[in-house]
Amino acid sequence: MYNQTVMDHFRNPRNVGVIEDADGVGEVGNPLCGDIMTIYLKVEEGRIRDIKFQTFGCGSAIAVSSMLTEIAIGKTIEEARAITNKDVAQALEGLPKNKLHCSNLGADALQLAIKDYEDRLAGVSRPEIKRKEDHEHSHGDKCYCPYCDVEIIEGATFCDACQSSLEEEH
Amino acid sequence: MMKIVNLDHISASPLLAEVKDSMIEAVRQDYHNPSSQHQAGEQAAEALQRARTSVAQLVNAALPKEIVFTSGGTESVNHAVKGVALANAARGNHIITSNIEHNAVNRSLRRLQSAGFKVTSLSVDSTGRVDPADVADAITDQTILVSIMHSNNETGTLQPIEEIAKITRGKKVIFHSDAVDSVGIMPVDVQKLGVDLLSFGSNTFYGPAGVGGLYVRRGTRVFPLLDGGVQENNKRAGAENLIGIIGMGTAAEIAVQGMDARVAHLRRLKDKLLAELPDYIDEYIINTHPRYSLPNLVSLSIKYIEGESVLLMLDDEGFLVSTRSACATGSLRASHVLLSLGLSHADAQGTLVLSFGIDNTAQDVTAFLTALKNVVTTLRDISPLYKKATAQN
């Protein structure tokens, strides 16, 4: 199912963990859609000196997190801001079609962490990360079509954009 | 080479050596068409009849001709549901089912809904069982069919088929049960159950995939799914897959002979797993009914981690398992079966389905538990949910 690069990052994920005194933290996803990814940044002189991740998710979600941290480490904030989902997927030499949404999470989490870092620098008060609880009403949450990556409502059974059925395969 | 331990028999079971031999012999025989009237055709018809008799014995059908050979469980279910609906449309248009059925039933019914049939889907209780009283309440003068599965393919939980059959008989409503994961794994007796139709597949009991059976009680009104010739007592057109059917017949004979030992072996492995699991991992949910369940299946939701990751890591250790996480099925939604049990989305994501077979041993269970412990520890170390949960404690 996955290529060797993806499996290598899944089996031996780089930069796993938490940075306790992080300069920026970004978290995306929720258990309703499948994956949760948290990125921790340590920034020195405008450069990402350390980056760590935690991920609840499938094989590609873990591989994407790992690859993202490898791409981002050592980069300046400006360079890191330019990292796209596509960059991560390409570095992994491709993901199965229905797993592309996982690569979305990686860059999104990084961008949120960068924003958090900048907000802190600017003295913007930081709301605590609020993870959506399972029992909360799910409508309006961001989920992405696993095939074409367009934003759709959680629990949708059909993607209008690419005409894919999103129902269970079994 | 690493030993591969199959704990995913619900997806595929190995063919018994006797089954392979009988199929190879059948290939060598160059059987003619069982419908042909010459002697070569008659020889083929005799082989077909022998297999039909063996399969009839497996489900204790009163007559061999109550067995229709199909291309597998999916076709059997499609045949039963659509065939009964179309044959009885003049009597009514209402069908009752449960909300934990396999998609073979769900999607057949959706197809029928688009053709004007009305469907009532019953909820299950927190243990995953349908209340027979709900079936009785749902029956109207328009009801022509009740379709409730014998065992659930994700949880292994058994449904109160006998009790439901008493109700449908009293109301003269046709009753079909999808027993694809039960037949050949545990005793299934159509006369004792009281069902009118029962679907099953051959690979469940170590016969070839691509062959299955549909039990149709004599006198039940059902149209063929495939129209054409008069094969299978006019219930399924097309020249029979005789090599596959012969393999299924052999598998049925062995299942009948060894049923008690088979059930005891499977149950020992399952009981061992359930008893020793707490020594290896914590914070999990067992979705399988403690009493009414298949002897070989355990559904296990492990908190804070996702099923596909677990599956991939166990695969690296040589253990084949199945998962019901949304990620793995390519949908964005957790399994409808698990959610109907009241499981949270996050917990449903960490669900493994383990299904034992006669080729498994007690040593396999111990080795699996050791591997599982390592995988769970590794993935929880990566998981933000686990860190948060442990921080709160």
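Yes/no per residue for (1) more than 8 Å from chain B (Cβ to nearest Cβ); (2) without any contact (Cβ under 8 Å) to a residue 24 or more places away in the chain; (3) closer than 27 Å to B:G307 by Cα:
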position	(1), (2), (3)
A:M1	yes, no, yes
A:V18	no, no, yes
A:D23	yes, no, no
A:Q54	no, no, yes
A:I62	no, no, yes
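From the list A:E93, A:E70, A:E27, which one is outside the structural domain of A:L166 (by TED's automatic domain parsing) and over 29 Å from B:D316 (Cα atoms)?
Result of the check over A:E93, A:E70, A:E27: A:E27.
Residues that are under 18 Å from the mean Cα position of the chain (by Cα) and either more than 10 Å from every other protein chain (Cβ to nearest Cβ) or in a helix (DSSP H, G or I) (or both): does region B:357-379 have at least one?
yes
Taking A:L92 as meeting all but one of (1) under 13 Å from the mean Cα position of the chain (by Cα); (2) more than 14 Å from chain B (Cβ to nearest Cβ); (3) touching a residue at least 60 places away in the same chain (Cβ under 8 Å), write down the number of the exception.
Answer for A:L92: the failing condition is (1).
Please state which of the following conditions A:I83 fails to meet, knowing it meets all the rest: (1) closer than 22 Å to B:M313 by Cα; (2) without any contact (Cβ under 8 Å) to a residue 60 or more places away in the chain; (3) away from every other protein chain (no Cβ under 13 Å); (4) part of a loop (DSSP other than H, G, I, E, B).
(1)
What number goes with the only condition from (1) surrounded by fewer than 17 Cβ atoms within 10 Å (Cβ to Cβ); (2) modelled with pLDDT under 95 that A:E79 does not pass?
It is condition (2) that A:E79 fails.
Determine which single condition B:N88 fails, assuming it passes every other condition in (1) closer than 15 Å to B:T220 by Cα; (2) of a type in the set (S, T, N, Q); (3) free of Cβ contacts under 8 Å to residues at least 24 places away in the same chain.
Status for B:N88: all satisfied but (3).
Output the helices (runs of 4 or more DSSP H) that fall wholly within region B:235-334 and possess 3 or more residues being crowded, with 18+ Cβ neighbours inside 10 Å and within 14 Å of another protein chain (Cβ to nearest Cβ), or say none.
In region B:235-334, B:307-316, B:326-329 are the helices (runs of 4 or more DSSP H) which contain 3 or more residues that are crowded, with 18+ Cβ neighbours inside 10 Å and within 14 Å of another protein chain (Cβ to nearest Cβ).
For region B:213-229, does any single residue satisfy the condition of being in a helix (DSSP H, G or I), in the same structural domain as B:M186 (by TED's automatic domain parsing) and within 27 Å of B:E25 (Cβ to Cβ)?
So far as region B:213-229 goes, no, none of its residues is in a helix (DSSP H, G or I), in the same structural domain as B:M186 (by TED's automatic domain parsing) and within 27 Å of B:E25 (Cβ to Cβ).
The values are calculated or read from the model by the stated rules, or taken from the named source; none is laboratory data. Everything numeric in this text was worked out from a predicted model, so none of it was measured. All Cβ positions, even for glycine, are placed from backbone atoms using ideal geometry, and neighbour counts span all protein chains on display.
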